[in-house]
Amino acid sequence: QVKLEETGGGLVQRGGSLRLSCAASGRFYYTRRMAWYRQAPGKERELVAEATSGGNTNYADSVKDRFTISRDTDKGAVYLQMNNLEPADTGVFYCYGRLVVGQPTDLREDDYWGQGTQVTVSS
């Protein structure tokens, strides 16, 4: 069974830093797009940063120049370095990955989500 698991959340003061990690486990062949989403209290889940399998990255305007997404394709891992954190960054961060799974003669792409990790930024 393939799953994604996040680590690295926590409580930090305004201006602090955190690094989130997400790793895929189980049987998969390779990863396509991987991303981080955030859900703030009372709001819908939103895209924070994404990294395509081709090496392109995109960020929400609110985190540009503060957050950096990176990935280790061989490990099926994705990371989010968050610097200069603000109270508005508070929320549950979810890892997303589109992975290639299945049998060698019947490969398919499936979407996977981690369970979420809480990030709280105090003022």
*With respect to residue 99, determine if the residue is touching a residue at least 24 places away in the same chain (Cβ under 8 Å), hydrophobic (A, V, I, L, M, F, W, C) and open to solvent by 60 Å² or more (accessible area, probe 1.4 Å).*
no
*When you go through 70, 53 one by one, which is the residue that is touching a helix residue (DSSP H, G or I) at 6+ places or on another chain (Cβ under 9 Å), hydroxyl-bearing (Ser, Thr, Tyr) and farther than 17 Å from residue 118 by Cα?*
53
*Within the range 57-64, can one find any residue that is modelled with pLDDT under 95, open to solvent by 50 Å² or more (accessible area, probe 1.4 Å) and charged (D, E, K, R)?*
no
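Can you tell me which residue in the range 102-123 is surrounded by the fewest Cβ atoms within 10 Å (Cβ to Cβ), limited to those that are closer than 21 Å to residue 65 by Cα and at pLDDT 95 or above? Step through it out loud before you land on a result.
Taking the range 102-123 and keeping what is closer than 21 Å to residue 65 by Cα, we get 119-123.
Narrowing the set further to residues that are at pLDDT 95 or above leaves 119-122.
On the way: 119: 22, 120: 15, 121: 20, 122: 11.
Out of the qualifying residues, it is 122.
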*Between a first residue in the range 2-19 that is closer than 11 Å to residue 81 by Cα and of a type in the set (Ser, Thr, Tyr) and a second residue that is at pLDDT 95 or above and surrounded by 13 or more Cβ atoms within 10 Å (Cβ to Cβ), which pairs have beta carbons less than 8 Å apart while being 6 or more apart in sequence or on different chains?*
17/81; 17/82; 17/83; 17/84; 17/85
*Just give me the residues in the range 67-96 being open to solvent by 30 Å² or more (accessible area, probe 1.4 Å), among the small types (Gly, Ala, Ser) and more than 12 Å from the chain's Cα centre (by Cα), in sequence order.*
88
*asked:* Quick check on residue 26: is it open to solvent by 60 Å² or more (accessible area, probe 1.4 Å) and over 17 Å from residue 117 (Cα atoms)?
replied: no
*asked:* Within the range 15-57, take every residue that is in contact with a Phe, Trp or Tyr (Cβ under 8 Å, 6 or more places away or on another chain) and outside any strand (DSSP E or B) and give me the one that is farthest from residue 94 (Cα to Cα).
replied: 53
*of a type in the set (Val, Ile, Thr), crowded, with 17+ Cβ neighbours inside 10 Å and in a loop (DSSP other than H, G, I, E, B), is that true of residue 12?*
no
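The values are calculated or read from the model by the stated rules, or taken from the named source; none is laboratory data. Computed from a predicted structure; not experimentally measured. Heads up, the Cβs are rebuilt from the backbone with ideal geometry, glycines too, and the neighbour counts pull from every protein chain shown. Accessible surface areas use protein heavy atoms only, side chains included; no ligands, DNA or RNA. Shrake-Rupley method; radii C 1.70, N 1.55, O 1.52, S 1.80 Å.
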